[in-house]
1. Is segment 35-114 best put as rounded, prolate or oblate by its Cα gyration tensor, with a ≥ b ≥ c the root eigenvalues, rounded for a/c under 1.5, and otherwise prolate when a/b is larger than b/c, oblate when not?
2. At 0.36 nm per residue, minus the direct Cα-Cα distance, what do residue 109 and residue 46 gain on full extension? Give it in nm, one decimal, please.
3. Take 104, 92, 51 and order them by how many other Cβ atoms sit within 10 Å, fewest up front.
4. Mind checking the full-extension length gain between residue 89 and residue 64? Use 0.36 nm per residue of separation minus the Cα-Cα distance, one decimal, nm.
């Protein structure tokens, strides 16, 4: 009986520690926790959304596979893949022409068979 109670106590302790520490671990892993002000995050999200909307308006299937990330200073990073260099270049042009964007970096890879 004493051994059974000890196992329950250890299991309960592990469960409680997991429940308490999980939110802290998730918060620590959040890449947006370094934002100085909530409005900075909103502005970054607005720029990202504008770029994504403009890419969607182009109606090129491969542009849907391009990821957009914006930092606190308006610098945009494009990632993912496109079918042609022309489509990748078009995505960079769209991002550069978007209001609020200060610079554009592209790591888009050309994958013709996708």
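A short reminder: the numbers here are calculations on the coordinates, not readings from a lab. Everything numeric here is computed off the predicted structure, so don't read it as measured data. Because the Cβ atoms are built from the backbone with ideal geometry, glycine has one as well, and the counts that use them run over all protein chains shown.
1. Judged from the Cα gyration tensor, segment 35-114 comes out prolate (a/c at least 1.5, a/b above b/c).
2. Details: separation 63, 0.36 × 63 = 22.68 nm, distance 2.51 nm.
Between residue 109 and residue 46, full extension yields 20.2 nm more.
3. Exposure proxy ranking, most exposed first: 92, 104, 51.
4. Working: separation 25, 0.36 × 25 = 9.00 nm, distance 1.43 nm.
Full-extension gain reported as 7.6 nm.
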